[in-house]
Amino acid sequence: PSSKDIKLLSFLDKLFCLLGPFLYHDGHMKSSRLIIFGVLILDVISIGIMIPAFDAMRTFYHLSDWTGNILGHTITMTPGTMISLGIAIYSLCAFFSAPILGRLSDKYGRKYPLIICVIGTCLSYLLLLVTQNYWWYMISRIVNGLTGGNISIIQAVLADISKTPEERNKNFGLL
């Protein structure tokens, strides 16, 4: 095996050692914890996936400096600012959708709002994949943000599956 393979195996070994107590209990894998972990990974990827691709996205979306008039003020945005706006709008939409998604999960159960969130995130990634228009990129980030505010649902599921306060603390610690 190459040095990259050894580094990857070492990383995965450390990751599974860290997550083992979270995913396994009494020798059996808890499927709800595995699903929660998968959704959490999807959320983390959604937050940072754009950062390493800034320069490539500028050329992909054919961005150049933009000058516009907003509320009587002339504003000029660079391509980097325009891509950063997508990251900011994701976070803003997730911030506002989290309480709504939390209430929906209290009313209809945890499963269906969580499924809707995962579908919305997948649709936003599909939209990013098939379009080469900046405004579709922004719509994709908005959709991803609105359905990416599911951390409140994940917290509720973790509280629901925890049998003891110590187990709840451990689960939230891994969050």
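Per residue, how much accessible area does the chain show when a 1.4 Å probe rolls over the protein heavy atoms, in square angstrom?
63
Please report, largest first and rounded to whole Å, the three semi-axes of the ellipsoid equivalent to region 105-157, where each semi-axis is the square root of five times an eigenvalue of the C-alpha gyration tensor.
26, 9, 7
Give the calculated FRET efficiency between M138 and I41 to the nearest 0.05, with a Förster radius of 22 Å applied to their Cβ-Cβ distance. Don't jump to the answer; show the numbers that get you there.
Values: r = 24 Å, r/R0 = 1.10.
The computed FRET efficiency comes out at 0.35.
In whole percent, what relative contact order does the chain give with Cα contacts below 8 Å and a gap of six or more residues? It would help to have the intermediate numbers written out before the result.
Numbers: 150 pairs, mean separation 39.4, N = 175.
With pairs under 8 Å counted, the relative contact order is 23 percent.
Ratio of the chain's C-alpha Rg to 2.2 N^0.38 Å, to two decimals? Please list the in-between numbers first.
Values: Rg = 19.6 Å, N = 175, 2.2 N^0.38 = 15.7 Å.
Ratio of Cα Rg to 2.2 N^0.38 Å: 1.25.
Go through 104-111, 165-172 and give me the packing order, highest mean Cβ count within 10 Å leading.
Averaged packing, sorted descending, gives the order 104-111, 165-172.
For L92, put the label point 7 Å out on the Cα→Cβ axis and report which residues of region 142-157 keep their amide N under 13 Å from it.
What the label zone holds, given the 13 Å backbone N cut-off, is 142-143, 145-146.
At 1.4 Å probe size, with the rest of the protein present, what percent of the exposed accessible area of region 37-175 is carbon and sulfur atoms?
70
What residue among S64, M138, V157 has its Cα farthest toward the positive end of the dipole of the chain, where the charges are +1 on Lys, Arg and -1 on Asp, Glu, each on the Cβ?
V157
What whole number of Å gives the distance from the Cα centroid of region 53-127 to the Cα centroid of region 146-175?
Cα centroid to Cα centroid, the span is 24 Å.
The values are calculated or read from the model by the stated rules, or taken from the named source; none is laboratory data. Keep in mind that what you see is a predicted model, and the values were worked out from it rather than measured. Cβ atoms come from the backbone with ideal geometry, glycine included; neighbour counts cover every protein chain shown. Surface areas here come from the heavy atoms of the whole protein model, side chains and all, with no ligands, DNA or RNA. Shrake-Rupley method; radii C 1.70, N 1.55, O 1.52, S 1.80 Å.
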